[in-house]
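The values are calculated or read from the model by the stated rules, or taken from the named source; none is laboratory data. Since the structure is predicted, the reported quantities are computational estimates derived from the model, not experimental observations. Note that each Cβ is placed from the backbone with ideal geometry, even for glycine, and that neighbours are counted across all protein chains shown. What goes into the accessible areas is simple: the full protein's heavy atoms, side chains included, and nothing from ligands, DNA or RNA. Shrake-Rupley method; radii C 1.70, N 1.55, O 1.52, S 1.80 Å.
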Amino acid sequence: MTARPRIEELEEEIVENFSLFDSWDEKYEYIIDLGKKLPPLEDEHKKDENKVRGCQSTVWLVAAYKDGLVEFKADSDAVIVKGLISMLIQVLSGHTPEEIIQAKLGFIDRIGMTTHLAQTRSNGLAAMVKQMKNFALAFKLQNESAKH
Amino acid sequence: METLTRSELLFDVDTIREEFPILKRMVKGKPLVYLDNAATTQKPLAVIEGLTRYYSEYNANIHRGIHSLAEEATAAFEASRDAVKEFIGAAHREEIIFTRGATEAINLVAYTWARKQVGAGDEILVSGMEHHSNIVPWQIIAEENGAKVIPIPVLEDGTLDMEAFQRLLTEKTKLVAIVHASNSLGTINPVKYIAAQAHATGAKVLVDGSQSAVHLPIDVQDIDCDFFVFSGHKVYGPTGSGALYGKKALLEAMPVFHGGGEMIKEVSFEKTTYNDLPYKYEAGTPNIADTVALKFALDFVKEIGKEKIHQYEQGLLAYATDALEQVKGLRIIGKAPAKTSVISFVVEGVHPQDLGILLDNKGIAVRTGHHCTQPLMDRFGIPGTTRASFALYTTYAEIDALVAGLERSIKTLL
Ligand SMILES: Cc1ncc(COP(=O)(O)O)c(C=O)c1O
């Protein structure tokens, strides 16, 4: 089994990337670029039940569980949110439910994007993190009940 | 020595800006460009210092105390009622009921007048450009009483479909509740005409003046509406202040709203009698400080002069409309011939939220989203817009900053 990078290591990579930027403009340009590069979600997934409630932009999130690891896919109609989501996926995808549930996601604060997590922003990022953890929790419970 | 009042001087935006300390703020390292005035306006020193003075010098509960402070506070509170009366051209001071704002004022009418007067099979006409505040209270009562809330359609240019209005206005219509100026589009509706038509069929008329009070001279007697509501915080006053105007005879006949202190004449377990207008509708200790300071805001506006403000803001609106129309891919939503200084727009291929974030990063505050007018957004087939709304302290340079900020943001996003 090849060693999987830990969530903290992936967070650290992002923080290092951001440390190269001098201005907020550059940070946003980078996030926008990530957003543009995130592969679009297939149309069949863009349905109401996959929507993460956010006030202004629509976010769709789906999760799959394979070989003990959770894989996320997501999309949004707003590109900055999509960039933020892309980072979350980069950090959380490919981990066990337990690891995802435990993730502190301190990188969001360290790259100065905490405001986007605030309720007031209503852009669904906070709801997004919560939804990702909910998926992980559901897979974990599924696992446990399967063991019994 | 004769001193010139402010209105005799030329409209000098730089001098006016001096009165608004917040405008000196930096946001994200850039000078604040505040273009979210339709959501709430900033406050002049007269209001900020007036609030401090109230709490430092004459804070007391009103109407009941015999001591000096109570008398001073009561006098200031009642002076504010006179100021509102004059501000909107009401005939009597008792026609002014203080509320937390427009929303509470609309709910007051819904829960007292409408609850009694709008019955099964009756209809309430609103417009397709109403703020949720002027839809939901009516829906609540309609559902309770088996009545219907019917929207007057909005045309492509953002004006009301007046033919449809004529058609929809029937014997069943008990109330026409209409926004004076749209917060999303800026459209100024012909409320005087609407009131005349509505009265001809026997319906009452409520005008939501949330967006008009700050931009247009208001004369409720000329409009001849039965109710008029507005929020103090959108007229340079404090949050938590606002008023309901109602024609005296109507207010007298309406049932009471909240029960409690202040709204009663005498209370006994056998029979409680209610106070006269306006106190009948002002139960409990009101928001004294903010209501007192509302007068300072209205005085501030009066001193500059509504006409002069309107003229200046219309200049800004025309300038901004021209400039924004040059921006590639930008489409203005709402092109009514008569508008307040509000511009909503969408940009091809760009989500309003992304624009809002990037503009904020440049210190420019605009509003993005549905602006609490979801049915209107549905009408235009859009999830939301970016909205820039101007006030008397907005400068032409700020509009240039908005346009430049937009150009750069759009380039980054596309
Ligand atoms: C047209 C309109 N009506 C009603 C309201 C509600 O005002 P408030 O929230 O101050 O009660 C607003 C405020 O956004 C508005 O713009």
task: With 19 Å as the limit, write out which pairs from A:LYS82/B:LYS30; A:LYS66/A:LYS140; A:LYS36/B:LYS28; A:LYS37/B:LYS411 have Cα-Cα distances beyond it, or answer none.
output: A:LYS82/B:LYS30; A:LYS36/B:LYS28
- request: Leaving out ligands, DNA and RNA, calculate the buried accessible area for the pair B and A with a 1.4 Å probe, summed over both sides, in Å² to the nearest 100.
  value: 1400
task: Could you point to the residue in B:ILE178, B:VAL205, B:HIS63 farthest towards the positive end of region B:50-303's charge dipole, with +1 and -1 charges on the Cβ of Lys/Arg and Asp/Glu respectively?
output: B:HIS63
- prompt: Within chain B, which DSSP H helices have Cα atoms that stretch 20 Å or more along the helix axis and a mean Kyte-Doolittle hydropathy of at least 0.0?
  reply: B:68-88, B:288-304, B:396-413
field: Dipole magnitude of region B:196-280, debye to nearest 20 (Cβ charges: Lys/Arg +1, Asp/Glu -1, about Cα centre)
entry: 120
- prompt: Other chains' Cβ within 10 Å of A:78-84 residues: what's the mean?
  reply: 5
- request: Would you please put B:16-27, B:387-398 in order of how densely packed they are, using the mean number of other Cβ atoms within 10 angstrom per residue and starting with the highest?
  value: B:387-398, B:16-27
message: In Å and on Cα atoms, what radius of gyration and Dmax does the protein assembly as shown show?
response: 26.9, 95
Partner aspartates and glutamates for B:LYS172 [C-alpha distance under 12 Å; skip if fewer than 8 residues away on the same chain]: B:ASP122, B:GLU123
query: Can you give the FRET efficiency for B:VAL27 and A:PHE21, using 1/(1 + (r/R0)^6), R0 = 25 Å, r = Cβ-Cβ distance, to the nearest 0.05?
result: 0.85
field: Label-point separation in nm, A:GLN142 to B:THR15, each point 7 Å along Cα→Cβ
entry: 7.1
statement: Which of B:ALA249, B:ALA110, B:ALA46 fluctuates most in a GNM of chain B (C-alpha springs under 10 Å)? That residue is B:ALA249
- line: Set B:LYS295/B:LYS339; B:LYS192/B:LYS295; A:LYS130/B:LYS362; B:LYS302/B:LYS362; B:LYS302/B:LYS339; B:LYS24/B:LYS335, cut-off 23 Å on Cα-Cα distance; pairs above it are B:LYS295/B:LYS339; B:LYS192/B:LYS295; A:LYS130/B:LYS362; B:LYS302/B:LYS362; B:LYS24/B:LYS335
task: Kindly provide the Kirkwood hydrodynamic radius of chain B in Å, to one decimal, from all pairs of distinct alpha carbon atoms.
output: 22.4
Computed E for B:ALA39/B:HIS310 - FRET, C-beta separation, R0 22 angstrom, nearest 0.05: 0.65
Cα centroid of region B:61-113 to Cα centroid of region B:291-370, whole Å: 30
Farthest toward positive dipole pole in the protein assembly as shown [+1 Lys/Arg, -1 Asp/Glu at C-beta], among A:PHE139, B:ILE150, B:THR395: A:PHE139
Estimated FRET transfer efficiency when R0 is 60 angstrom, pair A:GLU8-B:THR52 (beta carbons, to 0.05): 0.75
task: Just need the relative contact order of chain B here, percent rounded to a whole number, with Cα pairs under 8 Å and 6+ apart.
output: 23
field: Sorted peptide list for B:187-194, A:18-25, criterion being average Cβ within 10 angstrom, highest first
entry: B:187-194, A:18-25
Cα-centred dipole magnitude for chain A, charges only on beta-carbon of K, R (+1) and D, E (-1), debye, nearest 20: 540
message: Taking 0.36 nm per residue of sequence separation and subtracting the Cα-Cα distance, how much length would be gained by fully extending the chain between B:VAL327 and B:ALA120, in nm to one decimal?
response: 69.5 nm
task: Would you tell me the mean number of C-beta atoms belonging to other protein chains that fall within 10 Å of each C-beta in B:366-376, as a whole number?
output: 1
- line: Once both label points are put 7 Å beyond Cα along the C-beta direction, the B:ALA365-B:ALA397 separation in nm becomes 1.9
statement: Mean other chain Cβ within 10 Å across B:351-363 is 6
Computed lengthening from B:THR285 to B:ALA318, 0.36 nm per intervening residue step minus Cα-Cα distance: 7.4 nm
- line: Rounded to the nearest 10 degrees, the helix A:125-147 long axis (Cα) sits at an angle to the longest Cα principal axis of chain A of 10
